[in-house]
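Reviewing the structure listed below.
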Amino acid sequence: MSEGDGPAVRVRNPGASSPILLACDHASNRIPASLGTLGLEADALVSHVAWDPGAEAVAIAMAEILDATVVSSAFSRLVFDVNRPPGAEEAVRLVSETVEIPGNRDLDPAALAARADALYHPFHDAIDGILEERIAAGTEPVLVTVHSFTPVYFGHTRPVELGIVFDADARLADAVLRLAPAHTRLAIRANEPYGPKDGVTHTLARHALPRQIPNVMIEIRNDLIRTASDQSRIAGQLAALVGAGVELLTSTSRTRAGRA
């Protein structure tokens, strides 16, 4: 990867007033020029195999409503999946669903480390910097990661439309699930279509759990956010839902502090 490829991470609205930081791990399907197409056909590179279609657009629209910051990875997860730790088998996949990735074959440890240095570390360094800055300013930040998923996976249709995913800290997820009926009619499930056992909560586990800050991962079925109007509509629902969830946590915390 070279300077001509551009930065590995995009940060929007860094001076936002909201404590919410929206992170989009799989925002882009771009491949660095030096890697060509990784040996893939064009249809694979625009599919869910290469990225989370619609996720970044939803995150940006949510941020505009909430006045929140967005941190997005600028390259495809096929080059390096920033939601997996360096050294994990899933970080640089040889096969994604049924699609083989020729450009990821026979990579030695130095090549794998170079990809992590180029893509993984800048993304997570950006999140670290923003969270620490807000904590230093006396604000408890909130981390929300935004993803999308395919409606059919390995031939199986997924009825869930919105997944609320969490790891060891379920505070914000519980609040969101409790308030969801007032904000959306989507078919919602907890820890579906993925959960911690699938390794998808790495970004939450790396940044939110050690800091003990509220966090949640949002998974949107991508057929619901294909158009700009659909993305705007879903973003409005999710911004209201996440905002209400954060407010519920805040008010609960204040009530408990008052009783102490």
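Please go through region 18-63 and pick out each residue that is of a type in the set (V, I, T), surrounded by 21 or more Cβ atoms within 10 Å (Cβ to Cβ) and either in contact (Cβ under 8 Å) with a residue 60 or more places away in the chain or assigned to a helix (DSSP H, G or I) (or both). Once the filter is applied, which keeps residues that are of a type in the set (V, I, T), surrounded by 21 or more Cβ atoms within 10 Å (Cβ to Cβ) and either in contact (Cβ under 8 Å) with a residue 60 or more places away in the chain or assigned to a helix (DSSP H, G or I) (or both), region 18-63 yields I20, V58, I60.
Any residue at all in region 158-174 that's exposed (fewer than 13 other Cβ atoms within 10 Å of the Cβ), farther than 18 Å from N29 by Cα and free of Cβ contacts under 8 Å to residues at least 24 places away in the same chain?
no
Among the residues of region 153-170, those that are under 20 Å from the mean Cα position of the chain (by Cα), part of a loop (DSSP other than H, G, I, E, B) and of a type in the set (G, A, S) comprise A168, A170.
Looking across region 126-154, just one residue is out of contact with any strand residue (DSSP E or B) (no Cβ under 8 Å at 6 or more places or on another chain), hydrophobic (A, V, I, L, M, F, W, C), more than 11 Å from P19 (Cβ to Cβ) and touching a residue at least 12 places away in the same chain (Cβ under 8 Å), and that is F154. Within region 177-211, being under 14 Å from T145 (Cα atoms) and in contact with a Leu (Cβ under 7 Å, 6 or more places away or on another chain) holds for L204, H207, A208. Restricting attention to region 206-229 and to residues that are without any contact (Cβ under 8 Å) to a residue 24 or more places away in the chain and over 25 Å from I135 (Cβ atoms), the residue that is farthest from the chain's Cα centre (by Cα) turns out to be S229.
A quick yes/no check of all residues on (1) touching an Asp or Glu at 6+ places or on another chain (Cβ under 8 Å); (2) part of a loop (DSSP other than H, G, I, E, B):
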{"site": "L172", "(1), (2)": "no, no"}
{"site": "K197", "(1), (2)": "no, no"}
{"site": "T203", "(1), (2)": "yes, no"}
{"site": "I213", "(1), (2)": "yes, yes"}
{"site": "S232", "(1), (2)": "no, no"}
{"site": "G236", "(1), (2)": "no, no"}
{"site": "G245", "(1), (2)": "no, no"}
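Per the listing L107, L94, the residue uniquely more than 22 Å from A42 (Cα to Cα), hydrophobic (A, V, I, L, M, F, W, C), free of Cβ contacts under 8 Å to residues at least 60 places away in the same chain and surrounded by fewer than 19 Cβ atoms within 10 Å (Cβ to Cβ) is L107. Against the numbered list (1) surrounded by 19 or more Cβ atoms within 10 Å (Cβ to Cβ); (2) of a type outside the set (D, E, K, R); (3) at negative phi, G195 comes up short only at (1). The selection criterion, being aliphatic (A, V, I, L, M), touching a helix residue (DSSP H, G or I) at 6+ places or on another chain (Cβ under 6 Å) and within 23 Å of W51 (Cβ to Cβ), does not hold for L172. In the set (1) polar (S, T, N, Q); (2) crowded, with 24+ Cβ neighbours inside 10 Å; (3) out of contact with any Pro (no Cβ under 7 Å at 6 or more places or on another chain), the condition left unmet by T69 is number (3).
The residues listed here are P141, P151, P122; of these, the one that is in contact with a helix residue (DSSP H, G or I) (Cβ under 6 Å, 6 or more places away or on another chain), under 27 Å from P7 (Cβ atoms), of a type outside the set (S, T, Y) and surrounded by 12 or more Cβ atoms within 10 Å (Cβ to Cβ) is P141.
Read-outs: derived from the displayed coordinates by stated rules, not from any lab. If you're wondering where the values come from, they're calculated on a predicted model, not measured in any experiment. For neighbour counting, all protein chains shown are included, and Cβ atoms are generated from backbone atoms with ideal geometry for every residue, glycine included.
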